[in-house]
Amino acid sequence: MVIGIIGAGASGMAAAIRASQNPQNQILLFERQARVGRKLQATGNGRCNLTNLHADPSHYHGAEPLFCAPALERFSVRKTLSWFSSMGLFTTVEDSGRVYPYSDQANSVVDILRFALEKPNISLISGFEVSRVQVCPQGFLIRGSQDYPCDKLIVACGGLASTKLGGSISGYQILRSLGHKMTRLRPSLVQLKTRWDGNTSLKGVRANCKAEILRVGAPFAESTGEIQFTEYGISGPVIFEISRDVCEGPGPWECRLDLLPEVTEEALYSALTKKSTGNLTCENLLTGILHNRLGRVLCQQAGLNPHVPIHSLSEGSLHTVCRLVKNLTIPLTEPLGMESAQVTAGGMVTSQFDSNTMESRLLPGLYACGEVLDIDGDCGGFNLQWAWSSGNLAGASAGGTNL
């Protein structure tokens, strides 16, 4: 049996390796770029957060988030780690449950998968742009610079996010041409733009905080972790975790930061009053507490003259600084676009696929897996786990192999 797989990203490589376990299958793996796994190589800031020990359906989103449950159960985190171990990859686990290659290099994951593709019954056809797919009596005809017939077809093209690294709309177009519907696409795990003059002075500054998104003053999402200030807004893991659907629909939208989540406002005030002796000036009021640049910006926001001695400040001024540290509210304008997003929210309508096999309910022999479907996960390795689980399930189902 000839199985065509369009896309050699995480889910496509997983599907190819799984389907190839049946030596009677011939796998044709198509990749539009010159090499496999380019987006995978950039994940986790080049470290590749390949899964999370806490992966379960509660960490996934979409019109039907429970669609992911059978795949996550059939090819669990435990099976994923065993699978990578069998291919020679050593891994390490952080306290948060995030799993990384022991080498701390995404290249290790890509190379392990690339080596696993080097099998007699897998043909990797890179630099091949699929122009369209034609349904034939015997299966499918994959058309491009030349035509390739196959008995079964797995669409694993990934999503539109990270367009500079190969994100493409092609998978959606192929599945739509075969009769499938899709939901609206939008960026997820993405930086947010702000309307705040403090950003200019804070480019590159990082801080640990509790971040809460407010929509028309009401809580929308929250998380605790590291934030990074940029020239256009706010970024970092804590923002990625709460960025999904921010600024979608009427606002105003705001981000409220507690820059000292483990310290009460009263304790902070007490600490600041102890700095009121000597000749320290206001620009040093938050030195030793926050990043120096961040401290100076907050004092400026509080209306303090940086050159005035701290001991001359009123109680009201000190309370104003404390409130800013604990409740810095920044207006949001929009998320950065798909070119900057790590993941695509939205995709092909999952009700048109069988969650137990990843096969189309409309067209027998057609399968889809990974980000092209309307399933996206939280930040922290959950999206790659979905790629491994759905890819292995699609490959097993199409190829008649065991998980």
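How big is the C-alpha Rg of the range 238-349 next to the rule-of-thumb value 2.2 N^0.38 Å, as a ratio? Walk me through the numbers before you get to the answer.
Values: Rg = 18.4 Å, N = 112, 2.2 N^0.38 = 13.2 Å.
Compared with the compact-globule rule of thumb, the range 238-349 sits at 1.39.
Considering only the other residues whose Cβ falls under 10 Å of the Cβ of Pro335, what net charge follows from Lys and Arg at +1 and Asp and Glu at -1? Each step should come with its number before you reach the end.
Details: positive: Arg186, Lys193, Arg244; negative: Asp245, Glu248, Glu334.
That works out to 0.
Do the alpha carbons of any pairs in Lys275/Lys326; Lys210/Lys274; Lys210/Lys326; Lys274/Lys326 sit beyond 21 Å of each other, and which pairs?
Details: Lys275/Lys326 19 Å; Lys210/Lys274 26 Å; Lys210/Lys326 9 Å; Lys274/Lys326 19 Å.
As for pairs spanning more than 21 Å Cα to Cα, those are Lys210/Lys274.
Heavy atoms of the protein only, probe of 1.4 Å, neighbouring chains included. What is the accessible area of Phe220 in Å², nearest 10?
The accessible area comes out at roughly 80 Å².
Starting from the Cα of Val308, move 7 Å in the Cα-to-Cβ direction to define the label point; list residues of the range 263-279 whose amide nitrogen is under 18 Å from there.
272-279
Can you give the Kirkwood hydrodynamic radius of the range 255-294 from its Cα pairs, in Å with one decimal? Working shown, then result.
Values: mean 1/r = 0.0882 Å⁻¹.
Result for the range 255-294, one decimal place: 11.3 Å.
So what's Rg/Rh here for the chain, counting alpha carbon atoms and using the Kirkwood radius for Rh? Don't skip to the end; give the middle numbers.
Numbers: Rg = 24.8 Å, Rh = 22.9 Å.
Checking Rg against Rh, the ratio lands at 1.08.
Please work out how much length the chain gains when fully extended from Arg184 to Glu315, using 0.36 nm per residue of separation minus the C-alpha to C-alpha distance, in nm with one decimal.
Working: separation 131, 0.36 × 131 = 47.16 nm, distance 5.14 nm.
So the extension gain works out to 42.0 nm.
How do Cys157, Cys209 stack up against each other in accessible area, from largest to smallest, with a 1.4 angstrom probe? Present the calculation step by step, with values, prior to reporting the outcome.
Numbers: Cys157 30, Cys209 0 Å².
Sorted by accessible area, descending: Cys157, Cys209.
Using a 1.4 Å probe on the protein heavy atoms only, what accessible surface does Phe115 show? Give it in Å² to the nearest 10.
Surface open to solvent at Phe115 totals about 110 Å².
Take Asn45 and Thr287, extend 7 Å from each Cα along the Cα→Cβ direction, and tell me the distance between the two endpoints in nm.
Taking the two extended label points, one gets 2.7 nm.
Suppose accessible area is computed on protein heavy atoms with a 1.4 Å probe; arrange Lys275, Lys193 from highest to lowest. Intermediate values should be presented prior to the final figure.
Details: Lys275 45, Lys193 70 Å².
Ranked list, largest accessible area first: Lys193, Lys275.
Please compute the net charge surrounding Tyr367, taking Lys and Arg as +1 and Asp and Glu as -1 over other residues with Cβ under 10 Å from its Cβ. List each step's numbers first, then the result.
Working: positive: Lys152; negative: Asp354, Glu359.
Summing Lys and Arg as +1 and Asp and Glu as -1 gives -1.
Semi-axes of the equivalent ellipsoid for the range 306-403, please: Cα gyration tensor eigenvalues, times 5, square-rooted, ordered largest first, whole Å.
Numbers: eigenvalues 570, 39, 21 Å².
For the range 306-403, the semi-axes come out at 53, 14, 10 Å.
In the range 1-159, if every C-alpha pair distance is counted and binned at 5 Å from zero, what percent goes to each bin?
Percent of pairs per bin, in order: 2, 8, 16, 19, 20, 16, 12, 6, 2, 0, 0.
Compare Arg18, Arg176, Arg186, Arg296 by solvent-accessible area with a 1.4 Å probe and give them largest first, with all protein chains kept in place. All intermediate terms of the calculation are to be shown ahead of the outcome.
Details: Arg18 20, Arg176 140, Arg186 40, Arg296 105 Å².
Largest to smallest exposure gives the sequence Arg176, Arg296, Arg186, Arg18.
Going through the DSSP H helices of the chain, which span 24 Å or more along their own axis at the Cα atoms while scoring at least 0.0 as a mean Kyte-Doolittle hydropathy? Mind showing how you got there, number by number?
Values: long enough: 382-399 (25 Å, 0.09).
Helices passing the filter in the chain: 382-399.
Relative to the present Cα-Cα distance, how much length would full extension add between Ser177 and Arg323 at 0.36 nm per residue of separation? The partial results should precede the final answer.
Values: separation 146, 0.36 × 146 = 52.56 nm, distance 5.52 nm.
Taking 0.36 nm per residue and subtracting the Cα distance, the gain is 47.0 nm.
Regarding the range 1-74, what whole-number volume in Å³ per residue does the convex hull of its Cα atoms give?
Values: hull volume 10.5 nm³, N = 74.
So the per-residue Cα hull volume is 142 Å³.
For the chain, what % of the accessible area comes from carbon and sulfur atoms, probe 1.4 Å?
Numbers: 8310 of 17170 Å².
Solvent-exposed carbon and sulfur of the chain make up 48 percent of the total.
Say the dipole of the chain comes from +1 at the beta carbon of Lys and Arg and -1 at that of Asp and Glu; which of Ile375, Leu318, Ile142 then lies farthest toward its positive end?
Highest projection toward the positive end goes to Ile142.
So if I place +1 on the C-beta of Lys and Arg and -1 on the C-beta of Asp and Glu, and nothing else carries charge, what would the dipole magnitude of the chain be about its Cα centre? I want it in debye, nearest 20.
For the chain, the charge dipole is close to 680 debye.
What is the range 144-260 by shape, rounded, prolate or oblate, if you read a ≥ b ≥ c off the alpha carbon gyration tensor as root eigenvalues and call it rounded for a/c under 1.5, prolate for a/b larger than b/c, and oblate otherwise?
Details: a/c = 3.10, a/b = 2.28, b/c = 1.36.
Note, shape of the range 144-260 comes out prolate.
Looking only at the range 362-389, which residues have a backbone nitrogen under 14 Å from a spot 7 Å from the Cα of Leu403 in the C-beta direction?
What the label zone holds, given the 14 Å backbone N cut-off, is 368-370, 385-389.
Leaving out ligands and nucleic acids, and using a 1.4 Å probe, what accessible area per residue does the chain come to in Å²? All intermediate terms of the calculation are to be shown ahead of the outcome.
Working: 17170 Å² over 403 residues.
For the chain, the per-residue accessible area is 43 Å².
The values are calculated or read from the model by the stated rules, or taken from the named source; none is laboratory data. Bear in mind that the values here come from a model prediction, so they are computed numbers and not experimental data. Please note: Cβ atoms are built from the backbone with ideal geometry, for glycine as well, and neighbour counts cover all protein chains shown. When the accessible area is computed, the model is the full protein with side chains, heavy atoms only, and any ligands, DNA or RNA have been set aside. Shrake-Rupley method; radii C 1.70, N 1.55, O 1.52, S 1.80 Å.
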